[in-house]
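*Asks:* Take this structure, written in structure tokens, and hold onto it; I'll ask about it next.
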Amino acid sequence: MGQALPVIVSFGGVNSAGRSSMHHAYARMVEGALNADRRGKMLTALRQLTGAADDSDAGLLDRTLIRRIGPQHFDPTRVSWNQRLPTRSNGAPVSFELHRRYLPVPVPDDWQLLPGEDQEHVRVQIVGEQQFLLPTHREFEVKAASQLPDGFDPAALYQSRNHPRGLAMSVFAASDALGNLGLDWDALLTTLAPDQISVYAGSAMGQLDDNGTGGMLKARYRGSRITSKFCPLGLAEMPADFVNAYVLGTAGSTGATLGACASFLYNLRHAIHDIRSGRARVAFVGAAEAPVTPEVMEGYAAMGALATDKGLRQLDGLGEEVEPDHRRACRPFAENCGFTIGESSQFLVLFDDQLALETGANILGSAADVFINADGFKKSISGPGVGNYLTMARAAACARAIVGEKGLREGGLVQAHGTGTPQNRVTESVILSRVAGAFGIEHWPVGAIKSYVGHSLAAASGDQIAATLGIWAEGWMPGISTTAELADDVATDNLSFNLEHQELDLSKQRYALINAKGFGGNNASATILSPLQTMDMLKARHGASSMSRWENAQEAVKEAQEARESRVLAGQESPRYLFDNNVLGDDAVSFDGESIAVANQRVSLVQSNPFED
């Protein structure tokens, strides 16, 4: 038997389109193509998520996708900052009075302290120059972002204890994926050794809001104290740590590999290789990014990377007094002016094929491989390079090796990185066009879901995969709807950019290539196999009797999944967050030279010499 096949058995998460499980976020993207029943289910899920039971359908939909930044984040017309205020006394002293507890320590040399109006106050006189920082406000040039649906706060759903937003999103997303699995996780744990479960998840930026690293960096200049949580909870790999410690309770391989906007795929590669090699039987892969803060967005804006109101007005020929259409801020492969930042957390659950069949797990597809290449020598660290040619060509070659020439040419699609920047529209379209031509593909369908959910940095490829699973389940490929027409400099040979929703023939769908390009030359492309292709491979490997047993076991999994969905829609289910739960100490560990046991789950210590020769 060949290597184990990493089967996608569950997924979950949340982005600006809503909850990922049961394909609700995907359905929000293709809302205009849905029949009444499916649209109603999507709206019901949104109402439950946002608590907006009385909103009209239109009002509910307005709470989602890319839109003007809402007050739950910040007011873009009044962003706080400190204006530098140099003063000069011109011979006469500058004088003011303040409470003694606000005196700086040490007192500056050129300050003269005089008695105040009472014992508790002091009068300060300064002669010469003095630098002050004056708290004030300014208008931010970027006013659009892809935010979680209005009314949804993941931290309010469990005892979050001032967790950074990205970690609260991680708890929700991992719980969503776990609940969507349709299996009793605690029972499954008793059948697996600790080293048979891997968790790889992280964020590109770290946790930069006020409850994480952002709070640590800003505390002193804001005159507040630094808490003991800021530093540890701000780490970029903390989404994996939280999932291990508070959701899954696992002690297997873990960590986060960071590759800027390609980080999700970097971690997916670890999971795939763990399962293919037999190092793990189960892998959780995820990412969480919460970058809708003034500081993070200003960093990208300073690079000219974000779509500004001024740029959007210029694109649409609007006057300065007219507010641009923020819902169309991201326009992949069109005349555009920058990407739109977004927040998201997404998790995938992978089983090896044997375990997937034994448990009756859902077969949503499979993850064949991820290919990663750097750009080599660069001029601009943020500019694109040659590495993405390598990753896309290798991913296409992987698909060809598995599905064959006909399957490659007629049975696939591409989820483009598609950021909405002028540079991306040119460079990525050229790469896709040339790769398609080299492999004899004449009309490669290209999707770009950032037009709906923006660019969630580390989580972006998770958004792309979740949407792809929705396509394979329900048949509609989301159109690049914010793009009225392709820009003249977009390469179109061998490609099919669908600006409207397109219904695919699922009987022909075999694979998808997920593309990601990250600052610094971090390129990754994944080859994901459809449920149809995956089932064909499972039948060929395991035979009819194994597939029959899987079908019988599937019935209970589907029932559990549907029962869980009913509880979620009724507001009866909270994220799984097990703080201080079954914490293991020294007495839970026993071992000898042959094996080690943790809570009676045994791991072999018998190893062969890998360098015997």
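*Asks:* So if I check each of Ser496, Ser481, which one is hydroxyl-bearing (Ser, Thr, Tyr) and either in contact with a strand residue (DSSP E or B) (Cβ under 6 Å, 6 or more places away or on another chain) or at pLDDT below 95 (or both)?
*Replies:* On inspection, the qualifying residue turns out to be Ser496.
*Asks:* For segment 568-606: of the residues being more than 24 Å from Ser175 (Cα to Cα) and hydroxyl-bearing (Ser, Thr, Tyr), which is nearest to the chain's Cα centre (by Cα)?
*Replies:* Ser604
*Asks:* Here are some conditions: (1) closer than 30 Å to Thr482 by Cβ; (2) open to solvent by 30 Å² or more (accessible area, probe 1.4 Å); (3) out of contact with any helix residue (DSSP H, G or I) (no Cβ under 9 Å at 6 or more places or on another chain); (4) among the basic types (Lys, Arg). Arg434 meets all but one. Which one does it not meet?
*Replies:* If we test Arg434 against (1) closer than 30 Å to Thr482 by Cβ; (2) open to solvent by 30 Å² or more (accessible area, probe 1.4 Å); (3) out of contact with any helix residue (DSSP H, G or I) (no Cβ under 9 Å at 6 or more places or on another chain); (4) among the basic types (Lys, Arg), just (3) comes out false.
*Asks:* If you don't mind, another one. Being hydroxyl-bearing (Ser, Thr, Tyr) and part of a strand (DSSP E or B) is the filter here; which residues of segment 397-427 pass it?
*Replies:* The answer is none; no residue qualifies.
A quick yes/no check of all residues on (1) open to solvent by 60 Å² or more (accessible area, probe 1.4 Å); (2) more than 26 Å from the chain's Cα centre (by Cα):
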| site | (1), (2) |
| --- | --- |
| Gly51 | yes, no |
| Ile66 | no, no |
| His121 | no, yes |
| Glu141 | yes, no |
| Phe152 | no, no |
| Ala155 | no, no |
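*Asks:* When Phe347 is evaluated against the numbered criteria (1) open to solvent by less than 60 Å² (accessible area, probe 1.4 Å); (2) over 28 Å from Phe152 (Cβ atoms); (3) of a type outside the set (A, V, I, L, M), which criterion, by number, is the only one it fails?
*Replies:* Tallying (1) open to solvent by less than 60 Å² (accessible area, probe 1.4 Å); (2) over 28 Å from Phe152 (Cβ atoms); (3) of a type outside the set (A, V, I, L, M), Phe347 fails exactly one: (2).
*Asks:* Next question, about the same structure. Yes or no: segment 237-258 includes at least one residue that is farther than 29 Å from Ala599 by Cβ and either among the polar types (S, T, N, Q) or open to solvent by less than 50 Å² (accessible area, probe 1.4 Å) (or both).
*Replies:* No, there is no match, as no residue in segment 237-258 is farther than 29 Å from Ala599 by Cβ and either among the polar types (S, T, N, Q) or open to solvent by less than 50 Å² (accessible area, probe 1.4 Å) (or both).
*Asks:* Ok, one more. Please find, within segment 482-502, the residue that is most open to solvent (accessible area, probe 1.4 Å) out of those that are among the β-branched types (Val, Ile, Thr) and either more than 20 Å from Arg327 (Cβ to Cβ) or not in a loop (DSSP other than H, G, I, E, B) (or both).
*Replies:* Thr492
*Asks:* I'd like to check something: does segment 61-73 contain any residue that is in contact with a helix residue (DSSP H, G or I) (Cβ under 6 Å, 6 or more places away or on another chain) and more than 29 Å from Val349 (Cβ to Cβ)?
*Replies:* yes
*Asks:* Can you tell me which residues in segment 309-352 are part of a strand (DSSP E or B) and either more than 20 Å from the chain's Cα centre (by Cα) or under 30 Å from Gln196 (Cβ atoms) (or both)?
*Replies:* Hits for segment 309-352 are Ser344, Ser345, Gln346, Phe347, Leu348, Val349, Leu350, Phe351, Asp352.
*Asks:* Something else now. Would you point out the residue of segment 503-516, among those that are polar (S, T, N, Q) and open to solvent by less than 60 Å² (accessible area, probe 1.4 Å), that is farthest from Leu268 (Cα to Cα)?
*Replies:* Out of the qualifying residues, it is Gln509.
*Asks:* Residues that are under 15 Å from the mean Cα position of the chain (by Cα) and open to solvent by 30 Å² or more (accessible area, probe 1.4 Å): does segment 261-281 have at least one?
*Replies:* Within segment 261-281, none of the residues are under 15 Å from the mean Cα position of the chain (by Cα) and open to solvent by 30 Å² or more (accessible area, probe 1.4 Å).
*Asks:* When only residues in segment 157-175 that are of a type outside the set (Ser, Thr, Tyr) and within 24 Å of Leu43 (Cβ to Cβ) count, which is surrounded by the fewest Cβ atoms within 10 Å (Cβ to Cβ)?
*Replies:* Checked segment 157-175; the qualifying residue surrounded by the fewest Cβ atoms within 10 Å (Cβ to Cβ) is Leu157.
Listed here are the residues, each with its yes/no results for (1) open to solvent by 10 Å² or more (accessible area, probe 1.4 Å); (2) assigned to a helix (DSSP H, G or I); (3) farther than 15 Å from Ala526 by Cα.
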residue: Val370; (1), (2), (3): no, no, no
residue: Lys379; (1), (2), (3): yes, no, yes
residue: Leu390; (1), (2), (3): yes, yes, no
residue: Glu442; (1), (2), (3): yes, no, yes
residue: Ala466; (1), (2), (3): yes, yes, no
residue: Gly470; (1), (2), (3): no, yes, yes
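*Asks:* If we keep just the residues of segment 296-326 that are among the charged types (D, E, K, R) and modelled with pLDDT of 95 or more, which is least open to solvent (accessible area, probe 1.4 Å)?
*Replies:* Going through the qualifying residues, I end up with Asp309.
*Asks:* Hey, could you check segment 176-190 for residues that are at pLDDT 95 or above and either under 20 Å from Ser263 (Cβ atoms) or in a loop (DSSP other than H, G, I, E, B) (or both) and say which is most open to solvent (accessible area, probe 1.4 Å)?
*Replies:* Once the filter is applied, the top-ranked residue is Asp184.
*Asks:* For segment 511-610, list the strands (runs of 3 or more DSSP E) that sit wholly inside it and hold at least 1 residues that are touching a Gly at 6+ places or on another chain (Cβ under 9 Å); which are they?
*Replies:* Of the strands (runs of 3 or more DSSP E) lying wholly inside segment 511-610, those with at least 1 residues that are touching a Gly at 6+ places or on another chain (Cβ under 9 Å) span 511-518, 522-529.
The values are calculated or read from the model by the stated rules, or taken from the named source; none is laboratory data. Not measured: the values here are computed from a predicted model. All Cβ positions, even for glycine, are placed from backbone atoms using ideal geometry, and neighbour counts span all protein chains on display. Calculation scope for accessible area: heavy atoms of the full protein, side chains included, ligands and nucleic acids excluded. Shrake-Rupley method; radii C 1.70, N 1.55, O 1.52, S 1.80 Å.
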